[in-house]
Every structure is written in C-alpha cells, then in structure tokens.
Amino acid sequence: MKDIASTGRLRIGIDVGGTFTDFVMADAVTGRVALFKEPSTPDDPSRALIEGLARFLAREGMQPSDVGGLMHGTTIGLNAIIQRRGAKIGLVVTRGYRDILEIARCRMPSSFDLHAQKEVPLVPRARVIEIDARFDRDGRLTRAPDAAELDRVAAEIAALGLDAAALMLINGYANPEAEGGIAADLSARVAGLSISSAATIWPEIREYERTLVACLNAYIQPLMDAYFARLTAGLARIGVTAPLLVTASNGGSLSVGSAIARPVETILSGPASGVMAAVRQAGQSGMDSIITFDMGGTSSDMAVATEGTAGIATRTDIGGLPLVLPVVDVNAIGAGGGSIVWADAQGVLKVGPHSAGAHPGPVSYGRGGLEPAVTDCFIACGFIDPANFGGGSLPLDGDAAIAALEGVATRIGLTGADSAARLAEGALAVASAGMAGSLFRTMAERGLDPRDFVLLPFGGAGPTHANLLAEEIGIARILVPQAAGAYCAMGAAGADLRRDFVRSLRVELDAATAAQAGATFAALQAEGEAWLDDELPEIADRRAERSADMRYAGQAYELRVALDAGDDAAAWAEAFHREHERIYGFRDTAAPVEIGTIRLAMIGAGQPLAPDSATGEGAPVRTRRPMFHRGAWCDAAVYDRARLGAGAVLPGPAVVEQPETTTVILPGWAASVDAQGNLIIERTPA
C-alpha cells in the first residue's frame, strides 16, 4: 500500500480527550515514534490540537511541511449528544408516524421504578413534520409526494428556523436511493438545508432505531462541520496542509468529507482507536485474549478481544439513546483520573461520577479545583511524583492534594497519621471495586472469565491503576505498551480506512435467497470499492468482511454471524447453528433459519505504528521513594522507562516513569521488559 503520509515524512495521530490531547508522531525517514501531551481546551478542542501540534513539531525540530498525514479522533459529537447541546433539528416522517420518537420501543427505563423518567426525545413533537410518502416492503413507492406536498413540507421546515433536519419514510430501507432523492428535493426547496436521509445513512429495518441514526447525524452535523472548518483553518495558519483523516467508531477512519456527511459514524472514535492498537500489539506479543483498560481523565473503558479480534457491537447506547451502527464494543466501567473523591451525607466514601476534567482539574493541578480526585490519590500513595508529572512539564502541587484528601478524611472520621494516604488508598479501592463489578458483569454476559485474559492498560492513568485492578479481579498478567499514555493517538495514526454497509432482506434461508444475498453482498462490495476509490484511491491492500444477522423463525432478535465468500445456504445455516449453540447452548436444525440484515465492512489497510524497541541496558534504579500499600509504607524503586533494556526484571514495589504515564508495580508482582519495550507484569510465586 502506498503510505498515507507519502507527501511528507511524518504521520501524526491525534486523540482529543477530556483532560489531555495526545499526539503520536511517526517519522518515515528515521523510523522513530515520538509522543506528546497537551492540556485540552474544552471550550474549543481545535485550539489545543493546533497549539499542541505546533509545540510538538518545534520540540522535535520538524517543519509543518514535513507533515504528510494527520489522523484525528474526537469526542465532540459524543459530548454534544450526552450534554444535549447539539443543533436545532427537525424530523420529517411518513404520515401517521409523528410520535415515533415518543413511542420508541414502549419500554420504561426501569420497570420497577414508578418515578423513572423516559429519555427526552431528541426532536420535540412540535418540530416533527408528516409527509404523505411511504414504501412497501419491497421498496416500491406506494405513496409518492407530488410537488405541492414537497412545497408544503419545505415551507413548514423553513418556518421552524432549523439548523438541520432528518427524514425517515416507512420501509425506506428497501429503497435508500428513492428516500435520498426525496431528501434532496426537500433540501433544494429550503435553501440547501442539510437533510439526513435515514435509509441513505443506514438502510436497516426497525424504523425507530433508523430514525434515531438520522436524527443523531443531523443533531451533530452542524457542530462537526464548524469544528472541522476551524480545525482546517487553524492547521493552514500554522502551515500544515497535509490530508486529514478522522477515526470512526468501528475502529477505522474516514476522510473529513465523509466525517462531515456522516458524523454519526465518529461518535465513539477515540476509544475505538486505542482498542484496535491494543489488539495489534497483543497479537505481536503472542497474546490473543486481552481485556483493554483505558483510564483517562474522565472515565475508564474496557473492551474484550478474543482470538486476536476486537468485539464489534451493532447496538449500543449513547446518552440514553440506542445507536445501531457497528462500533468497537467498548464499555464504560468506572472512574478516571479526574473523578472526584467525596463523602455522602452518611459518611460513605464515594468516587465519581462527577469529574474535575481538564479545568479546573484535580486539586494538585493548581487551577482552582477544591475537591480531590483520583490523581490526587495517586500522589498521596506515592504512585506519582508531583514534581515529575508529564516528564516535569506539568508539575503538580502535592501538598494541596494531601490537604484536600485530609479534609475528606476528617468528614468520614479518619484521623491521625497518614490519614491522607489511608483515605487515598480507600478511594482507589472503591474505584477498583466499581470497575471490577462492571467488568465481571460484562464478561459474564459473554460467558467469559476475566482470569483467562491478559490486561492491557493504556491512557494517562491506565498503567498507574492497572495493577490495583488486576489484583481486584484476579488477573495474573498485565501488558503495558511503550506508548500506553497516548495509545488512542497511536491507534489513530495506524487506523485502517473502513466503512460498514448494510441491507435488510428479511427472508427465509434457502438456495434461492442465499443467491439473492450473495448478489446483494456483491453490490455492497462494489459500493465499498467505489467509496475507497473516493477516499484514497492509492490503497491497494483491500478486503471485505461479510456477516449477516440471522435467527430461527419466530425469534424476535438476531445473532450476527460471520460468513465466508460464496452463497452456500447449507454452510451459512451451519455457521448460524454453531453460533447459536455457542451462545445459548443448543441448536434447532429442524427450525427454518432467517436472514434479517446482511453486513459488509470494506477495509483499506492502514500502516500500524510500532514504537522503538527497548534501547536501554539493564534496569538502572534512578531513585527510591515510599509507596503506600495495604495500610503501610514500603520502599519502591523508581525507574526511567527509556533506560530499561530488553530482558530487564523489575521486582515490586516499583514505579516506572515516562512523560505520558506512570506504571505502578505492586509488592508481590514483578515486571520484565520484552524486546519491543513492553512491560510484562506478573504475579511472583508465593
């Protein structure tokens, strides 16, 4: 494959988090990989990106013209949805379906809570407009809107003063081109207002979920458009004119044009990139079954990979709303480095869910924060050296952190010597217990035992907290990559180009319908090839991954089953029987099998980055400092990660420092350095 960064020597991955914006730079000339962190600017994330990139280039002695490609993950769309700060949008639906968002799936958030509140619809009923248009199940337009009907609907849209709108017609999934044409006709009548066609974006059966995809797309599209306009202008201002790619929720990436047209595909882009990088690293280290642990400033996320493949979910919840697009299956499991440590009215110690974020941040940041956070607990326990945080570029106020923790300790009746350290250890135990509970529940739903997996932490706080979590859940092995502190940016820099395509068929599986599905797969692959040609025509390393949602006749929901090339109905049925038996413990070969939706992922291979190999010699101890563990202080060796050589062994208690993160090795554990510079942390024999 031709290098995406072929017009310049540098390929740069960027991940904008709630606390820090991370950068990873790969130099095609020297092969060197460099990392950098810049405090995020939540009021305008593009500012931290542009200023941080300029500082990063200056630090590395590079020019803006050296940049050949930028790959960028963002949570702007996700934050807008969660905080309900998106655009003012309207919805156009088939006549008779005006209440589709209110009715939803007729389920209460909690069946046993009489006071439970339903999620407020993304579009209020006053901004839902009916149109006399619908399709039958075969995609025939049974009620076609004439010019007068289109004019009426367009006038109602214009009168609402919308920023964008969405369109969903019943059975539109069976004829996405026709629904897209109606959306275009309406847009032309409303001065080019962007109207997202549900069937064009995601032609899958189930009208409520399809409507939400279109509404979410319209809701964040103006924000994303404005953000990328500011970003590209800012990059041009500092002299960077390289192509910009945006990471997607499915673990791949898109051009800026695709991201603006379909921003709903980027909602979970940041966490997905880190998981994909972790899967690649685990494969290189001979570890096929991993649990990723991404602990940043705001929250902690986990994902599971088995047999070298990350799990892909076709349904997730975003801000209480269902999203049916394929996403890397990432689950929030608990606190982040900025999560607040507090005591409730009964004197019970709590951690989160509120976060100090980047501003003001933990008390130790010295930016006006008054409530201690998890990062302050790391300082009080000796895990983090406040003078050397960020490699010394972001010194912290350790005394302020301890004073704030002592205040919480007093409120729960914890006094005497080392009250801050004891409170901090308790808070970290509370955080670990919460993470473990969420992780056990998620693993149990999949029939998996976390003790059979390797824990792979990343994010600024992941390696610091990983050993505590491993002890809590009984994992015996931890793999800490060299670039763990900026791993989502690492994943972005090496991301594949990827887009998912679907068509709903709803047919009973037999030889004839298998041939029909095979022809539809071929059409989707041609569409995918054309998309890759538009995105980056020089990519030669391409592949298509096929799957289908299948069920026994009469079942309400389907299982996603990977399918080989061809159209062998018997082979497809056997693949479904196997998957059903794996998940539910039985198969019913006498029951008819149905194909609901067929799925094709079109992938253009990227170029994953590999950090430098371990270049140090041995394991020289830089200094020693006290570490608080299990109610007592112990003497911990402190190492510089850059000075560790392959084969070095680091017995715990120990701390390994690098500018982007700090790795903690607890008593009873030891770390070794492999040839790639990864830290392998394992329990020591009793």
Worksheet entry | Listed residues 306, 142, 241 arranged by accessible area, highest first, probe 1.4 Å | 241, 142, 306
Worksheet item: Given 0.36 nm per residue, what is the gain on full extension from residue 284 to residue 544 after removing their alpha carbon distance, in nm?
Response: 91.3 nm
Worksheet entry | Separation between Cα centres of the stretch 363-394 and the stretch 644-686, rounded to whole Å | 22
Response to the item:
Under the Karplus relation with 6.51, -1.76 and 1.60 and θ = phi - 60°, whole-Hz ³J(HN,Hα) for the stretch 334-343, x at Gly and Pro, equal x, 6, x, x, x, 5, 6, 9, 8, 10
Response to the item:
Karplus ³J(HN,Hα) for the stretch 171-179 (6.51 cos²θ - 1.76 cosθ + 1.60, θ = phi - 60°; Hz, whole; x = Gly/Pro) runs 6, x, 4, 7, 8, x, 5, 5, 5
Item to complete: Calculate how steeply helix 207-237 sits against the longest principal axis of the alpha-carbon atoms of the chain, using the helix alpha-carbon long axis, and give the answer as 0 to 90 degrees to the nearest 10.
Response: 60
Discussion item. At 1.4 Å probe radius, can you tell me the per residue accessible area of the chain in Å²?
Written reply: 39
Response to the item:
Under the rule rounded for a/c under 1.5, else prolate if a/b exceeds b/c, else oblate, using alpha carbon gyration tensor axes a ≥ b ≥ c, the stretch 313-392 is classed as prolate
Practice prompt. Rank these residues by their accessible area, most exposed first, probe 1.4 Å: 545, 60.
Written response: 545, 60
Worksheet item: Each label point is 7 Å from the Cα along the Cα-to-Cβ direction; what then is the distance between the points at residue 95 and residue 332, in nm?
Response: 4.2
Fill in: Signed unit charges on C-beta, dipole axis of the stretch 84-201, positive-most listed residue 108, 133, 190
108
Discussion item. With angles folded into 0 to 90 degrees, how steeply does helix 419-445 sit against the dominant principal axis of the chain? Use alpha carbons for both and round to 10.
Written reply: 30
Worksheet, complete the sentence: Expressed in angstrom and rounded, the centroid-to-centroid distance over alpha carbons for the stretch 45-121 and the stretch 479-518 is 21
Worksheet item: Between residue 156 and residue 506, what length comes free when the chain is fully extended (0.36 nm per residue of separation minus the Cα-Cα distance, one decimal in nm)?
Response: 122.5 nm
Worksheet item: Given a 1.4 Å probe and the protein chains all in place, what does the accessible area of residue 219 round to, in Å² to the nearest 10?
Response: 10
Discussion item. List the residues, sorted by chain then number, that are 5 or more residues from residue 318 or on another chain and whose placed amide H is less than 5 Å from its amide H.
Written reply: 323
Worksheet item: Magnitude of the Cβ-charge dipole of the chain, K/R +1 and D/E -1, about the Cα centre, nearest 20 debye?
Response: 920
Discussion item. Between residue 574 and residue 410, what is the label-point separation in nm under the 7 Å Cα-to-beta-carbon projection?
Written reply: 7.3
Worksheet item: What shape does the stretch 372-471 have by the C-alpha gyration tensor, where a ≥ b ≥ c are the square roots of the eigenvalues, rounded means a/c under 1.5, and otherwise prolate means a/b greater than b/c and oblate the rest?
Response: oblate
Fill in: Efficiency of FRET from Cβ geometry, residue 184 and residue 125, R₀ 25 Å, rounded to 0.05
0.45
Worksheet item: Using only the Cα atoms of the chain, what do you get for the radius of gyration and for Dmax, in Å?
Response: 26.1, 82
Worksheet item: What is the gain in length, in nm to one decimal, between residue 527 and residue 137 on full extension, counting 0.36 nm per residue of separation less the C-alpha to C-alpha distance?
Response: 138.2 nm
Worksheet entry | Nonlocal amide H pairs with residue 71, under 5 Å, H built at 1.01 Å | 12, 13, 14, 245
Practice prompt. Give the relative contact order (percent, whole number) for the chain; include only Cα pairs under 8 Å separated by 6+ residues.
Written response: 13
Worksheet item: Which ³J(HN,Hα) values in Hz, rounded to whole numbers, follow from the phi angles of the stretch 488-500 under the Karplus curve 6.51 cos²θ - 1.76 cosθ + 1.60, where θ = phi - 60° and Gly and Pro get x?
Response: 5, 5, 4, x, 4, 5, x, 5, 5, 6, 8, 9, 9
Practice prompt. Would you check the accessible area of residue 602, probe 1.4 Å, heavy atoms only, in square angstrom rounded to 10?
Written response: 0
Fill in: Heavy atoms of residue 288: accessible area, 1.4 Å probe, square angstrom to 10
90
Fill in: Percentage relative contact order, the stretch 289-440, counting C-alpha pairs under 8 Å, at least six apart
19
Fill in: residue 208-residue 564 pseudo-label distance in nm [points 7 Å out on the Cα-to-Cβ vector]
3.9
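The values are calculated or read from the model by the stated rules, or taken from the named source; none is laboratory data. From a predicted model like this one, the values you see are computed outputs, not experimental measurements. For neighbour counting, all protein chains shown are included, and Cβ atoms are generated from backbone atoms with ideal geometry for every residue, glycine included. Keep in mind that these areas ignore ligands, DNA and RNA; they rest on the heavy atoms of the full protein, side chains included. Shrake-Rupley method; radii C 1.70, N 1.55, O 1.52, S 1.80 Å.
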